[in-house]
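Below is one structure; the comments refer to it alone.
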Amino acid sequence: MTEPIQAIPAAPPKSSWLRYLRPWPASLAARTAFVLILGLVVVQTLGLGIHTLDRNDLVRLAAVRVFSFRVMSMYRDLAETPVAERQARLALIPKPKGFTVEILPNLNSLFANLMPAPPPIRHSILLNMDGFPIPPELRPQHVHFGVDPETRREYTGLEMPDGTWLVISSRLPGPGEIQGTEFLIAFVMMTLLAAALTIWAVRRLTAPVRTLAAAAEALGRDVNAPPLPEDGPSEIAAAASAFNTMAARIRRFVDDRTLLLTAIGHDLRTPITRMRLRAEFMEDDDQRAKMLRDLDEMEAMVSATIAFGRIASPNEPVSPIDLAELLRTVLDEAGDAAPEIAEHLDYDGPDHWTVRVRPQAFKRALTNLVGNAIKYGNAAHVRLIRPARPGTSLRIEIADDGPGIPPEEMERVMQPFQRLETSRNRETGGVGLGLAIARDIARAHGGDLTLANRPEGGARVILTLPT
Ligand SMILES: Nc1ncnc2c1ncn2[C@@H]1O[C@H](COP(=O)(O)OP(=O)(O)O)[C@@H](O)[C@H]1O
Ligand SMILES: [Mg+2]
């Protein structure tokens, strides 16, 4: 890591309502629902459209039938009335709503302005008239039809036995006028209901995908995360089972490696002790002293390795801790150990901040970093920076007033047993495992460790931790 990371790049501002304007939604659930609902609206429109056309035909037929019968009953009523009394009778007979009835000597002036009625209407009116019970001598001799194109009124002229014309008009419903609001209400209701059902079903069906993603995320932070339930649809159960197998393999691999490390450390102790005994018998004082120093160093490395194996064990359970409190504790303990620089230790950040970590391991990582800052930089300025948005990482920055770390050495010093000073002297302690351990622990929590230098001098170690 030669490029110091100065800041977690801020996510591009994403205003929530803008997302809904995009034509193609991002999530699987939204896409599936989108396609299904779109298809549904098309099918609904077609289905209801066909149904409505059919129904309109029926309604129109019925309307024509009613119209015909009303016309005929009025006609019979007037035809049976003596000619002299017809006008009086005309004023009296009940006229259904929307009907006009008049008696004219002829049709010439009226029908001149009318269009011929469409054949289907003409035919069905005639057909219905034929079925009407009326004495044969009273039947109309001629019947004329016309439609006023502007008012859409249907005019029927019937010739009375005395040669005058009875003209009855009414407004017949035209095509596409009947469906009214029920059609729209039915359409909206059905679509809304089906859409709600679709969204519910799609969300249910895609929920396991979200669970799987969450489980993979959790595994990155904690190899001991609980296994996924292996139920649900067969594909999902198979995926969950495969995921659990993979998690178990990773767990075993990490366990084995940690165990191996500790075992090697333990086994090396015996030969080191034997060598130390043998060194005591060496003649050359100078050589013996050097040998014993080397052996001390080896012992320190072995101890550090064993300690690392123990601390970094993935078996420590994850639990919630107050990170702000932990940082202050680490600083206090460091201040107790080195009272002369206690005034150069400070904490900046929220008073309390809960995180879920493996407490011992995490404390070890922080202790290592604060220890380095004190050892190599004579100060430790600790900052806890809250996640910019929920779901992003939080940062712990540990800065000091020392010489910093040359950028080209940053990656190397994080490797095990790598130090800037070539000698592992007692003065500055360590064997070169501190940063390696801290990075290992950060990564085991799904975070990372990066090194940088402060512009005003001194190193800045940044530990990120996903929340
Ligand atoms: N804050 C720091 N300022 C300068 N150098 C540092 C700092 N932290 C670590 N280093 C360098 O990185 C090396 C590795 O650190 P570390 O892994 O903690 O091992 P150790 O502290 O045991 O030497 C250190 O030896 C030191 O040279
Ligand atoms: Mg160290």
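Each reported figure results from applying straightforward, stated rules to the coordinates on display, with no laboratory input. The model shown is predicted, which means the values in this text are computed figures rather than measured ones. Heads up, the Cβs are rebuilt from the backbone with ideal geometry, glycines too, and the neighbour counts pull from every protein chain shown.
Of note:
- Mean separation of Cα contacts under 8 Å (6+ apart) over length of region 282-359, as relative contact order %: 36 percent
- Taking region 23-213 and dividing mean pair separation by its residue count, relative contact order in percent (alpha carbons under 8 Å, at least six apart): 30 percent
- Per-residue 3J(HN,Hα) values for region 126-133, derived from phi via the Karplus relation 6.51 cos²θ - 1.76 cosθ + 1.60 with θ = phi - 60°, read 4, 4, 5, 5, 4, x, 7, x Hz in sequence order (x marks Gly and Pro).
- Region 210-341 - convex hull of alpha carbons, volume per residue in Å³: 153 Å³
- With the highest mean first, a sort of the peptides 391-400, 299-308 on other beta-carbon atoms found within 10 angstrom per residue produces 391-400, 299-308.
- Secondary-structure-derived ellipticity at 222 nm for the chain, considering helices only, amounts to -18000 deg cm²/dmol, per-run term -39500 (n - 2.57) for DSSP H runs with n ≥ 4.
- Whether region 369-467 is rounded, prolate or oblate, judged on the alpha carbon gyration tensor where a/c under 1.5 counts as rounded: prolate
- Long-range HN-HN contacts of residue 153 with modeled amide H, under 5 Å: 148
- Residue-wise HN-Hα coupling along region 235-244, computed from phi with Karplus coefficients 6.51, -1.76, 1.60 (Hz; x: Gly, Pro): 5, 5, 4, 5, 5, 4, 5, 4, 5, 5
- Gyration tensor (alpha-carbon) shape descriptor, the chain, a/c threshold 1.5: prolate
- Phi-derived couplings, Karplus 6.51 cos²θ - 1.76 cosθ + 1.60 at θ = phi - 60°, listed residue by residue for region 450-464: 10, 10, 8, 10, 7, x, 8, x, x, 8, 10, 9, 10, 10, 9 Hz, with x used for Gly and Pro.
- Three-way shape call for region 35-149 based on the alpha-carbon gyration tensor, with the a/c threshold at 1.5: prolate
- Each Cα pair under 8 Å and six or more residues apart adds its sequence gap; the mean of these over the residue count of region 222-315 is a relative contact order of 35 percent.
- Set of aspartates and glutamates with alpha-carbon distance to residue 95 below 15 Å, sequence-local pairs under 8 removed: 77
- Beta bridges per DSSP with both ends in the chain, % antiparallel, nearest 5: 90 percent
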